[in-house]
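The structure appears right after this line, and notes come after that.
The values are calculated or read from the model by the stated rules, or taken from the named source; none is laboratory data. Small disclaimer: the values here were computed from a predicted structure and weren't measured. We place every Cβ from the backbone using ideal geometry, glycine too, and count neighbours over all the protein chains shown. Please note that ligands, DNA and RNA were not included when accessible areas were found on the heavy atoms of the full protein model with its side chains. Shrake-Rupley method; radii C 1.70, N 1.55, O 1.52, S 1.80 Å.
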Amino acid sequence: MTGPVPVYQKRYQVGLGDIDFRKKLKISALFNYFQDIASLHAENLGVGIDSLMNNHGVTWVLTRIRVDLERIPVLGEDLLIETWPQPPGKLEFDRDFLVRDASGNELARVVSTWVIMDIAAREIKKTETITRNYPFNPRGRAIDCRLGRFKAFSTPEVAYQRVIGYSDVDINEHLNSSKYIDFIMDCFSLEEHRRHDIRSLEISYLNEALSGDRLTMYKDLAASGSGLVYIEGCRQDNTRIFKAQLAIRPSR
């Protein structure tokens with residue numbers, strides 16, 4: 001594409017590295033697609049990672065995202081993903097996504113919130129730092145909702161622990177947003193994954209997790225009878241790193 005575009009499109013094919021043991025697209029791989037196309041559109045709009053780092057000393061950080069899935073793609077499927085920004089607020093940038101299959105059927109609708117973080121100070125900066133030429137929204141919201149308004153149903157129980165390593169961190173030297181999704185999915189057994197699919201997933205990234213940090217994953221199944229599961233992760237100093245709510249349904 002040449003010149004700024006209000007809605008950015010890119011085609012993806014679900015490959016072997018993107019699927020789980022059922023040959024279904026891993027949700028973390030879908031998040032990688034979102035990171036990729038959001039980065040490409042930001043570059044197209046003149047606010048890509050390199051530009052932000054070199055000119056402002058800041059970088060993009062995802063803080064909240066919700067994905068509603070009509071169907072989970074499988075190995076070999078061709079996907080078309082579209083993304084577009086919303087008007088920025090004082091501190092936050094909203095960005096939406098739409099995923100379609102090769103026949104044009106909607107597979108997923110996504111809403112997300114991003115901030116820009118000062119790399120040296122690790123502090124959030126105001127959107128006006130970079131919004132001189134930022135576009136207005138060409139479309140409405142992909143999902144009509146308010147992000148982050150969920151909490152545990154009961155007292156979450158420990159699922160497992162793990163230490164963050166080299167393969168988990170990204171260009172910002174903190175735990176990559178898609179890796180959180182893998183950590184969440186590891187809270188369930190293979191048999192549980194055989195029986196259920198994700199219908200919706202919302203996650204709030206609350207604090208940074210760095211290489212060497214030990215995360216304890218907690219799972220709350222108190223509302224699983226109605227198809228809802230709450231999961232959170234805490235650092236070794238008991239700081240909550242993220243919280244997530246999943247809506248599940250029988251596998252199909």
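Some notes on this structure:
- Restricting segment 153-176 to residues that are among the β-branched types (Val, Ile, Thr) and within 20 Å of the chain's Cα centre (by Cα), the residue that is nearest to Arg240 (Cα to Cα): Ile164
- Glu202 within 30 Å of Pro6 (Cα to Cα), open to solvent by less than 40 Å² (accessible area, probe 1.4 Å), outside any loop (DSSP other than H, G, I, E, B) and not aromatic (Phe, Trp, Tyr): yes
- Some residue of segment 217-232 being surrounded by fewer than 18 Cβ atoms within 10 Å (Cβ to Cβ) and closer than 18 Å to Val110 by Cβ: no
- Selection over segment 96-115 of residues that are farther than 22 Å from Ile248 by Cβ and open to solvent by less than 20 Å² (accessible area, probe 1.4 Å) gives a count of 4.
- Counting the residues of segment 78-90 that are over 18 Å from the mean Cα position of the chain (by Cα) and either closer than 18 Å to Asn32 by Cα or modelled with pLDDT of 95 or more (or both) gives 1.
- Residues in segment 138-173 that are in contact with a Leu (Cβ under 8 Å, 6 or more places away or on another chain), part of a loop (DSSP other than H, G, I, E, B), modelled with pLDDT of 95 or more and open to solvent by 50 Å² or more (accessible area, probe 1.4 Å): Phe153 only.
- Sole exception among (1) in contact with a strand residue (DSSP E or B) (Cβ under 7 Å, 6 or more places away or on another chain); (2) under 21 Å from Thr113 (Cβ atoms) for Asp168, by number: (2)
- Tallying residues that are open to solvent by 20 Å² or more (accessible area, probe 1.4 Å) and not in a loop (DSSP other than H, G, I, E, B) within segment 178-190 yields 4.
- Positions within segment 186-219 being among the charged types (D, E, K, R), under 25 Å from Arg122 (Cβ atoms) and under 19 Å from the mean Cα position of the chain (by Cα), in sequence order: Glu202, Glu208
- Residue match in segment 118-134 (condition: more than 21 Å from Leu246 (Cα to Cα), at pLDDT below 90, open to solvent by less than 30 Å² (accessible area, probe 1.4 Å) and in contact with a strand residue (DSSP E or B) (Cβ under 9 Å, 6 or more places away or on another chain)): yes
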